[in-house]
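The values are calculated or read from the model by the stated rules, or taken from the named source; none is laboratory data. Everything numeric here is computed off the predicted structure, so don't read it as measured data. Heads up, the Cβs are rebuilt from the backbone with ideal geometry, glycines too, and the neighbour counts pull from every protein chain shown.
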Amino acid sequence: MDTSKPTTIVLGAGVVGLSTALYLQRSGHRTTVIDPLPPGSGASFGNAGLISNDNAVPMALPGMLGKVPGWLADRDGPLVVRPTYLPRALPWLLRWITASRMPRVIQISDALRALHRDALSCWQELLGPELYADLIRQVGQVRLWEGVSDTAVEMALCERHGIRVERLDADALRQIYPDISPGITGGLLMPNNASTISPPRLVRTLGELLVAAGGAIVAESAMKIIPRGGAAGYMVMTNVANRSAHRVVIAAGAWSRELLAPLGIKVPLETERGYHAMMPEHNLTLRIPMLIKNRGFGLAQMEDGLLAAGTVEIAGLRAPPDERRARLLVGHAKRVFPKLEVGEARYWMGHRPSTPDSLPILGEAPGQPGLFLAFGHGHLGMVGGPPSGRLVSQLINGTPPAIDPAPYACARWA
Ligand SMILES: Cc1cc2nc3c(=O)[nH]c(=O)nc-3n(C[C@H](O)[C@H](O)[C@H](O)COP(=O)(O)OP(=O)(O)OC[C@H]3O[C@@H](n4cnc5c(N)ncnc54)[C@H](O)[C@@H]3O)c2cc1C
């Protein structure tokens, strides 16, 4: 073991933690990832796999506030809040509304663009050409609405960033998806976006590459981060060990807030729970993955089946899943493709780690030198994870950052 190298512990083996760890390991750190679960078992396991490098649209947009009551009244809608959890979620929801004002939306959009535009080159850098070609496809992405759609803000933000978007009329849509419901008469094609054919395999691969590069992954649960003072760094108390390192990166997704609380650091992190239905047997050919925006879910062809994934449920980290919401996704998919037939589906729930402004929290923790934050990617971790890992590793190494880190700093909530 080379003891002259700086040591870094990364908490969390999701797409964000493993991307960060791999960048650090390759830049000369001795890196250990701690996670009680195998790599890619959190939100990174069951997402829709969309790598929307050409996307700069935050979740909260002007005019959405007016839609929220309708969504909340609809048990089958894209957004539900469990009534018992509402008081806890309220401060976060109010910040979400503040983030939906147009001047702030433009700032957020610029920061999303800066982070996401290099996503594919970061994935390539991490995976190498062969694994990249095996796991990621740049086939584009289609956004659809059942019924009337208002795409004005979305289109304006794309135009601002020079993002290519093609409007699809009913005929063009049918050329891509011959069996789509006649009720859907238009959409937007974003031809430069990418997706993976397997989120779990993609994230597991990052873990394998980390170990191959000399890093370690240990199956433990971090319970407390204890500063050791100055250059001595931090001790991480886990369920079975005390582990010390010069630096610690918190990349524990939706669970990051709990790890920061004992240090007196508060972050507006909430979990937007999402569901998926994996349909191994089906009769659909889906060349290009799609997002059905009014129902808040994605539909994608994965290597092991057709996947419908998405919707938002605000109910915290502890409430049991409401599997009814996962079942609904099968019905939604059949509404888009009336001829769709599927065998038995597998249902899953995951915890998106979400900030109210759709931007992750990246950089050094306030008042804790050597403790770095890398979480809060919400709906966009598969695209934001690798460029976030690059940025955080650059900040740790003191090398010039590829992008301005200021918009992602924790200080924006001070
Ligand atoms: C239904 C759904 C669909 C989605 N679709 C997309 C999509 O198409 N495209 C996209 O870009 N994003 C999508 N997302 C979002 C994306 O999945 C997340 O943003 C991303 O996975 C977050 O990665 P992460 O590494 O921060 O968190 P996670 O993958 O959740 O990893 C966090 C890890 O931290 C570990 N951990 C927790 N507590 C501790 C502790 N005390 N000690 C050590 N480790 C700990 C957990 O076990 C977990 O493995 C979707 C999410 C959902 C739920």
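Here are some notes:
- Selected residue [out of contact with any helix residue (DSSP H, G or I) (no Cβ under 7 Å at 6 or more places or on another chain) and at pLDDT 95 or above] from Pro83, Pro58, Pro69, Pro38: Pro38
- Qualifying residue in segment 61-70 (condition: in the same structural domain as Ile292 (by TED's automatic domain parsing), touching a residue at least 40 places away in the same chain (Cβ under 8 Å) and either surrounded by 15 or more Cβ atoms within 10 Å (Cβ to Cβ) or in a strand (DSSP E or B) (or both)): yes
- Residue identified as touching a strand residue (DSSP E or B) at 6+ places or on another chain (Cβ under 7 Å), in contact (Cβ under 8 Å) with a residue 40 or more places away in the chain and on the phi < 0 side of the Ramachandran plot among Pro39, Pro91: Pro39
- Qualifying residue in segment 74-91 (condition: touching a Lys or Arg at 6+ places or on another chain (Cβ under 7 Å), small (Gly, Ala, Ser) and not in a helix (DSSP H, G or I)): no
- Residue check, Thr196 on the phi < 0 side of the Ramachandran plot and within 10 Å of the ligand (Cβ to nearest atom): yes
- The one condition in (1) in a helix (DSSP H, G or I); (2) more than 16 Å from the ligand (Cβ to nearest atom); (3) within 29 Å of Thr31 (Cβ to Cβ) that Pro366 fails to fulfil: (1)
- From the list Pro262, Pro268, Pro280, Pro227, the lone residue that is at pLDDT 95 or above and in contact with a Pro (Cβ under 7 Å, 6 or more places away or on another chain) is Pro268.
- For beta carbons closer than 9 Å, sequence separation of 6+ or different chains, a first residue in segment 149-166 that is in the same structural domain as Lys67 (by TED's automatic domain parsing) and a second that is surrounded by fewer than 12 Cβ atoms within 10 Å (Cβ to Cβ) and part of a loop (DSSP other than H, G, I, E, B), the qualifying pairs are Asp150/Gly63; Val153/Gly63.
- For segment 35-47, the set of residues classified as surrounded by fewer than 24 Cβ atoms within 10 Å (Cβ to Cβ) and assigned to a loop (DSSP other than H, G, I, E, B) consists of Pro36, Leu37, Pro38, Ser41, listed by residue number.
- Pro401 touching a Ser or Thr at 6+ places or on another chain (Cβ under 9 Å), more than 15 Å from the ligand (Cβ to nearest atom), outside any helix (DSSP H, G or I) and not β-branched (Val, Ile, Thr): no
Condition check ((1) more than 30 Å from Ala222 (Cα to Cα); (2) of a type in the set (S, T, N, Q)) across all residues:
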| site | (1), (2) |
| --- | --- |
| Ser27 | no, yes |
| Ile51 | no, no |
| Asp74 | yes, no |
| Arg82 | no, no |
| Met102 | yes, no |
| Ala111 | yes, no |
| Leu115 | no, no |
